[in-house]
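Here is the structure we will look at, set down as structure tokens.
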Amino acid sequence: MPTLALTDISIRALPAPTKGQTTYWDTGQSGFGVRVSQGGTKTFVVVHGVERRRFTLGRYPTISLKQARDKAKGLQAGLTLGLIEKRPSPPYMEALALYLEASTLKNRPGTVSEYRRLLTSHFAFGRKRLSEITRADIQTKLNRLKDKPSEQRHAFVALKVFFNWAVREEYLPSNPIASMQPPSKQQSRDRVLQPDELVEIFEKASTYRWPYGPIVQLLILTGQRRGEVGSLRWSWIDREKQLITFPADFTKNRRLHVFPYGEQVAAILDNLPEHVGSDFMFPGRKPGANHFNSWSKSKRAFDDTLEGVEPYVLHDLRRTYSSTLAQLGTPIHVTEKLLNHVSGAISGVAAIYNRHSYLDEMREAVENFETYLRNIIIKPL
């Protein structure tokens, strides 16, 4: 355990550890020290008794060295005299800051960022102490998200993990929502977007920033799965024949998927930037991410720009594509070929011999869909 005569000068000079955190104990005051995190955050701490119960006093320089010393002495005296029987429960926002700091040591930056968003935007408890937050308070906050079931469930899980951490740190004797049932999972959906909703999403996507805008356009025009479009590679595109090929080891059903695209898709592809050194059409921005994978954050930002669209998920675009083809008179087996469905009108031995057929019929279906989309965009709704 490193020891040090703690002064303002020595505290400011303390280096951040390469991993984890390091606590420097004061040579002049027993049980008092400062913890330095990997990110460079310095937090005053105190330990007491043979069990070495640890208490967090606050961050430096938000509280001064003198304030921390006085607070540590008062806490140690109170514990020794039996005036303080348990660890004090901190205000929600103070505890949240400590929790997020601890989270950076074991979670990816994106995960920590999502925890911060959920716990600050949906649970504004401010200076209210953790011990004062009731189950009813939490339920009131969650009820405000009843129209957003997925967000409601994510918020609940994030808060439950946070309270579990608070219990481990002895800020709380128990988790107030430990026995609370999580919001039910979103039921299987059968939503098909209305024409005016489809138009608004498509037109907004046509002017929305890269890469999410073009991705949404391609989802609407091809009916493919979001993971397939987000992982598209230039080497899979035959621009001369206007064909896209998904390798067998890439598709959900492990079957080679070859399908045509129309003029609107061709125009979108022509306007996309090609990145030197990457075959991915939408390369990832985060280290280690080869392709686009920022779905939740990007969709939230995009949906905030919409006005006349009811809540939807991206898979609804695929369902809308399929439903529209049916309305346009496309045979079901052609639609299934476009969507790369395994079971359906063609299966068994017939599926083996027809695996690479129906290109002409698929082209006709693609052209019909693009014509339909152009017509509802031009036609007053």
- Message: Let me make sure I get this right: for the stretch 1-115, a, b and c are the square roots of the gyration tensor eigenvalues over alpha carbons, sorted descending. Under 1.5 in a/c it's rounded, otherwise prolate if a/b > b/c, else oblate. Which is it?
- Response: oblate
- Pull out the extension gain between residue 206 and residue 376, defined as 0.36 nm times the separation in residues minus the alpha carbon to alpha carbon distance; nm, one decimal. 59.7 nm
- Query: Name the residues of the stretch 253-267 whose amide N is less than 16 Å from a point 7 angstrom out from the Cα of residue 239 along the C-beta direction?
  - Reply: 261-267
- For the chain, what is the Kirkwood hydrodynamic radius in Å, using each pair of distinct C-alpha atoms? 25.2 Å
- Note on the structure: Dipole check, the chain, charges on Cβ (K,R +1; D,E -1), about Cα centroid: among 159, 232, 202 the Cα furthest to the positive pole belongs to 159
- Query: Taking the simple approach of a point 7 Å from Cα along Cα-to-Cβ for both residue 180 and residue 116, what is their distance in nm?
  - Reply: 2.4 nm
- How long, wide and thick is the stretch 92-221, going by the Cα atoms along their three principal axes, in whole angstroms, largest first? 54, 29, 24
- Once residue 8 and residue 285 are pulled to full extension, the length gained, defined as 0.36 nm per residue separation minus their Cα-Cα distance, is 95.8 nm
- Item | q = 0.09, 0.19 Å⁻¹, the stretch 195-378: log10 I(q)/I(0) [Debye, one scatterer per Cα] | -0.32, -1.45
- Could you state the angle between the C-alpha long axis of helix 359-378 and the longest principal axis of the C-alpha atoms of the chain, as a value from 0 to 90 degrees rounded to the nearest 10? 70 degrees
- Note on the structure: Given unit charges at Cβ for Lys, Arg (+) and Asp, Glu (-), the dipole magnitude of the stretch 92-168 about its Cα centre in debye, nearest 20, is 120 debye
- Item | Rounded to the nearest 20 debye, dipole of the chain from Cβ charges on Lys, Arg, Asp, Glu | 2020 debye
- Task: Quick one: compute the contact order of the chain, relative version, from alpha carbon pairs under 8 angstrom and 6+ residues apart, as a percent.
- Result: 10 percent
- Task: Sequence neighbours fewer than 8 away in the same chain don't count; with that in mind, list the aspartates and glutamates whose C-alpha is under 18 Å from residue 252.
- Result: 228, 316, 336
- Could you run the Karplus curve 6.51 cos²θ - 1.76 cosθ + 1.60 with θ = phi - 60° over the stretch 14-19 and give me ³J(HN,Hα) per residue in whole Hz, x for Gly and Pro? 5, x, 6, x, 6, 7
- Message: Over 31 Å between Cα atoms: which of 42/299; 148/337; 106/297; 66/160 fall into that group?
- Response: 42/299; 148/337; 66/160
- Item | Residue among 268, 372, 2 farthest towards the positive dipole end of the chain, charges placed on Cβ | 2
- Magnitude of the charge dipole, the stretch 195-378, Cβ model with Lys/Arg +1 and Asp/Glu -1, debye to 20: 820 debye
- Task: Mind checking which of 256, 330, 290 is farthest towards the positive end of the stretch 195-378's charge dipole, using Cβ charges of +1 (Lys, Arg) and -1 (Asp, Glu) about the Cα centre?
- Result: 290
- Message: For 128, 204, 241, which order do you get if you count the other beta carbons within 10 Å of each Cβ and list the fewest first?
- Response: 241, 128, 204
- Note on the structure: Diffusion coefficient in µm²/s returned for the stretch 65-136 by Stokes-Einstein, Kirkwood Rh over C-alpha pairs, 20 °C and 1.002 mPa s, is 149 µm²/s
- Task: Can you check what the Kirkwood hydrodynamic radius comes to for the stretch 92-168, Cα pairs only, in Å to one decimal?
- Result: 12.8 Å
- Go through 15-27, 33-45 and give me the packing order, highest mean Cβ count within 10 Å leading. 33-45, 15-27
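Throughout, read-outs are computed from the coordinates displayed, never taken from laboratory work. Model, not experiment: these values are computed from the prediction. Neighbour counts are summed over all protein chains in view; Cβ atoms, including those assigned to glycine, are modelled from backbone coordinates with ideal geometry.
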